[in-house]
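**Student:** For reference, the structure I am asking about is given below.
The values are calculated or read from the model by the stated rules, or taken from the named source; none is laboratory data. Everything numeric here is computed off the predicted structure, so don't read it as measured data. Ideal geometry is used to build each Cβ from the backbone, glycine not excepted, and the neighbour counts take in all protein chains shown. The protein model used for the area step is the full one, side chains on, heavy atoms only, and it has no ligands, DNA or RNA in it. Shrake-Rupley method; radii C 1.70, N 1.55, O 1.52, S 1.80 Å.
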Amino acid sequence: MSVNQYKKIVVLTGAGVSAESGIRTFRDKDGLWEKYKLEDVASVDGYKKNPDLVLDFYNKRRQDFCRKEIKPNAAHYALVELEQQFSGEFLLVTQNIDNLHEQAGSKNVIHMHGELLKARCPESNQVIQCTDDQSRDDLCTCCQYPSALRPHIVWFGEMPLGLDIIYHHLSQADLFIAIGTSGTVYPAAGFVEEAKSVGAYSIELNLDPSEIHSHFDQVVQGKATELVPKLVSSLLNGA
Ligand code: BV8
């Protein structure tokens, strides 16, 4: 399989691509949803009901993410190489809110579920960098009557970011690769069908078969740090 046979590659990553960098996933053993109820900490209602609990949830994840030992892994770097060497169009869509793809050198990244190191004004939607703990007293500086900044995160029931661009690229993709995602959350879990509807070849790389593995032309089970470099090498070297 050589990359030269493709014109547009869309890659979707989930928590599994960051797992070997030391960031907890959601639905694996010891995952985030074992400790918190999703509706309490990742929904608009949860934020309205108890903003301090939600801010604390993301503060803990931000502190954990900012530990010096958290670094991009071989899977992140392999995707950078694919983006750099591929002569066609390349889009990396991530459900992850960490910035390990960017730290590794990925350029064309869409964080469809938001970004942990950013905060947003709920009125103007202006986004600012946020690397420290966030509290309810953090007010925006963009409005005449300042509002409390919120995490720049897409919660359940909220519209994911960049969908128009994502669907545009999916409608022209001829290769779709999903890496480290359980295929549980929509609309991301529906992207494979979007790509297949225009004839794209689809590959799933995942530690365990995802909930949507049967939709893929090829499913390869294993760790992202082993599978992604292998796939990229076979694409670039025409193996
Ligand atoms: C939407 C916040 C409307 C950021 C997240 C009722 C009301 C409203 C909506 C719905 C509803 N019912 C269903 C929906 C849709 C809902 C949804 O899908 N719910 C699910 C639970 C059924 N979706 C939404 O609400 C979305 N918005 O629908 O808007 C709309 C949309 C489109 C068009 C029109 C209208 C909003 C979804 C975003 C929610 N926010 N998180 C944060 O806190 O991080 S989702 C959350 O789950 C994370 O963001 C994460 O991105 C996402 C998916 O999880 P994964 O990344 O897949 O991680 P997971 O742990 O599940 O799996 C990890 C995988 O990795 C595993 O398979 C494992 O085997 C593998 N793995 C582990 N280690 C490795 C590995 N693989 C390789 N190597 C390893 N080493």
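**Student:** I'd like to check something: does the stretch 49-58 contain any residue that is within 24 Å of GLN129 (Cβ to Cβ), crowded, with 20+ Cβ neighbours inside 10 Å and out of contact with any Phe, Trp or Tyr (no Cβ under 7 Å at 6 or more places or on another chain)?
**Tutor:** yes
**Student:** Which members of the stretch 70-106 meet the condition of being within 14 Å of the ligand (Cβ to nearest atom), part of a loop (DSSP other than H, G, I, E, B) and either free of Cβ contacts under 8 Å to residues at least 24 places away in the same chain or touching a strand residue (DSSP E or B) at 6+ places or on another chain (Cβ under 9 Å) (or both)?
**Tutor:** Once the filter is applied, which keeps residues that are within 14 Å of the ligand (Cβ to nearest atom), part of a loop (DSSP other than H, G, I, E, B) and either free of Cβ contacts under 8 Å to residues at least 24 places away in the same chain or touching a strand residue (DSSP E or B) at 6+ places or on another chain (Cβ under 9 Å) (or both), the stretch 70-106 yields GLN95, ASN96, ILE97, ASP98, ASN99.
**Student:** Could you tell me which residue of the stretch 156-171 is nearest to LEU91 (Cα to Cα), considering only residues that are outside any helix (DSSP H, G or I), free of Cβ contacts under 8 Å to residues at least 60 places away in the same chain and of a type outside the set (S, T, N, Q)?
**Tutor:** Among those that are outside any helix (DSSP H, G or I), free of Cβ contacts under 8 Å to residues at least 60 places away in the same chain and of a type outside the set (S, T, N, Q), it is LEU161.
**Student:** I need every pair where a residue in the stretch 107-131 that is open to solvent by 60 Å² or more (accessible area, probe 1.4 Å) and at pLDDT below 95 has its Cβ under 6 Å from the Cβ of a residue that is in a loop (DSSP other than H, G, I, E, B) and not hydroxyl-bearing (Ser, Thr, Tyr), sequence separation at least 6 or different chains.
**Tutor:** none
**Student:** Shifting gears a bit: Quick one: which residue in VAL54, VAL11 is under 23 Å from SER106 (Cα atoms), outside any loop (DSSP other than H, G, I, E, B) and of a type in the set (A, V, I, L, M, F, W, C)?
**Tutor:** On inspection, the qualifying residue turns out to be VAL11.
**Student:** Can GLY199 be described as among the small types (Gly, Ala, Ser), farther than 16 Å from ILE9 by Cα and in a loop (DSSP other than H, G, I, E, B)?
**Tutor:** For GLY199, the condition - among the small types (Gly, Ala, Ser), farther than 16 Å from ILE9 by Cα and in a loop (DSSP other than H, G, I, E, B) - is not met.
**Student:** Looking at the stretch 207-226, I want the residues that are closer than 16 Å to PHE176 by Cβ and have a partner that is of a type in the set (Phe, Trp, Tyr) with Cβ atoms under 6 Å, at least 6 apart or on another chain. Which pairs are those?
**Tutor:** ASP217/TYR201
**Student:** Something else now. Of the numbered conditions (1) more than 12 Å from the ligand (Cβ to nearest atom); (2) assigned to a loop (DSSP other than H, G, I, E, B), ASN4 satisfies every one except a single condition; which is it?
**Tutor:** Every condition holds for ASN4 apart from (2).
**Student:** Let me ask another. Test GLU89 against the criterion of being in contact with a Lys or Arg (Cβ under 6 Å, 6 or more places away or on another chain) and open to solvent by 20 Å² or more (accessible area, probe 1.4 Å), and give yes or no.
**Tutor:** It is true that GLU89 is in contact with a Lys or Arg (Cβ under 6 Å, 6 or more places away or on another chain) and open to solvent by 20 Å² or more (accessible area, probe 1.4 Å).
**Student:** Assess whether TYR36 counts as being open to solvent by 50 Å² or more (accessible area, probe 1.4 Å), closer than 26 Å to GLU158 by Cβ and within 11 Å of the ligand (Cβ to nearest atom).
**Tutor:** Against the criterion (open to solvent by 50 Å² or more (accessible area, probe 1.4 Å), closer than 26 Å to GLU158 by Cβ and within 11 Å of the ligand (Cβ to nearest atom)), TYR36 qualifies.
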